[in-house]
Structures are given as C-alpha cells and as structure tokens.
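These notes are about the structure you will find just below.
The values are calculated or read from the model by the stated rules, or taken from the named source; none is laboratory data. These numbers were taken from a predicted model, which means no experiment stands behind them. Positions of Cβ are backbone-derived with ideal geometry, glycine not excepted, and every protein chain shown enters the neighbour counts.
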Amino acid sequence: MTLRIAPLHDWHDRTAFESGVEPLDRYLKTQAGQDIRKRVASCFVLTDDRPAPLAFYTLAATSIALTDLPLSLTKKLPRYPSVPATLMGRLAVDRRFRGRRYGELMLMDAFGRALRSEIATYAFVVDAKDDAAARFYTTYQFLPLSGATRRYFLPMAEIARLFA
C-alpha cells in the first residue's frame, strides 16, 4: 500500500469519509471543493492506492493580533498590530484508519508545506474542534492563543527546528 498526500481533486471519492465529527465530514464532502475554487483554503488528502481519502487537512492564510500572543514572544516582534500566520482550520482522519498516526503524518506534512512557502508567516495556527483535538495539538507543544477558545499556535521557528 502506497500512501500519498496531495491536493484534493474532483476525482477523489469523498462520499464514504467518516471521521465521526459531522462538521468535518460535511466540509470535505460538500464545501472543500468550493473553498479551493474560491481560493479561500487549500485542502490536502491522504490516500492509498484508492481515490478515497483516509485523512484530510486545510490550510489558509490568517493573522494573529499581537495582543493574543504571550508577552515573552511579542517583545521580540515588530510593533505591528498583527503578524501573519498559516491556519490549519481542519484536520480529520477517517475513523476506520485511526490509530495509525495519520493525524501526525498530516500535521507534519502541513508543517512542511508552511515552511516551504515563499510567503512569510510567524506562526502555525490550529482550531481544535473538541477536547480530544486540543489534547492532540498540545502534545505537539502548541500553545493557546489568549482570548481564543480552542485556538492554538506554534511559532514557525519551532517548526523549523523540527525539520533542521
């Protein structure tokens, strides 16, 4: 079985995807294609030898208000009102493929894409849909953004160290 991560295309069969989180399943099945066409998000899918996604994530541009970052970090930043960031707004693994570390594989792929981007971003931001997702992200040293419910960040400098 060959695993590959690639941008979502029309030929991917999304109909059977079931993560167990209905808003994520509905997004992949009905909204992801529109977001790609409108250029508001990119969607990447993990597949094996078949066209059905085993997992997916989305990336988009966002920003973080300086006031939402810890003071220890803002001291080192220019005094702009906000800094650019990469948002992974969605991450889901089909429940039939849980326990194989595909969530981690997708997260590392997203980190790599963000690092290779020619557009500078200060941090990688995630939205945890529930407590289980929040625990997943904090395992990878994500920090909570102040004032945001279940929104976490990891400075790109930390991600770069992972790939050094």
query = Is it the case that segment 6-13 has a residue that's closer than 18 Å to Thr121 by Cβ and either out of contact with any helix residue (DSSP H, G or I) (no Cβ under 6 Å at 6 or more places or on another chain) or surrounded by 18 or more Cβ atoms within 10 Å (Cβ to Cβ) (or both)?
reply = no
note = Asp35: passes all of (1) crowded, with 16+ Cβ neighbours inside 10 Å; (2) outside any helix (DSSP H, G or I); (3) of a type in the set (Asp, Glu) but (2)
ask   = Residues of segment 119-147 being under 24 Å from Leu77 (Cβ atoms), in contact (Cβ under 8 Å) with a residue 40 or more places away in the chain and hydrophobic (A, V, I, L, M, F, W, C), which ones?
value = Ile119, Ala123, Val125, Leu143, Leu145
key: segment 39-72, subset small (Gly, Ala, Ser) and touching a strand residue (DSSP E or B) at 6+ places or on another chain (Cβ under 6 Å), residue nearest to Ala85 (Cα to Cα)   = Ser63
note = Filtering strands (runs of 3 or more DSSP E) wholly in segment 63-164 for at least 2 residues that are of a type outside the set (D, E, K, R), modelled with pLDDT of 95 or more and surrounded by fewer than 13 Cβ atoms within 10 Å (Cβ to Cβ) gives none
Filter result (surrounded by fewer than 17 Cβ atoms within 10 Å (Cβ to Cβ) and either among the small types (Gly, Ala, Ser) or over 30 Å from Arg98 (Cα atoms) (or both)) within segment 48-62 = Ala52, Ala61
inquiry  = Could you go through segment 89-110 and let me know if any residue there is in contact with a helix residue (DSSP H, G or I) (Cβ under 9 Å, 6 or more places away or on another chain) and among the aromatic types (Phe, Trp, Tyr).
reply    = no
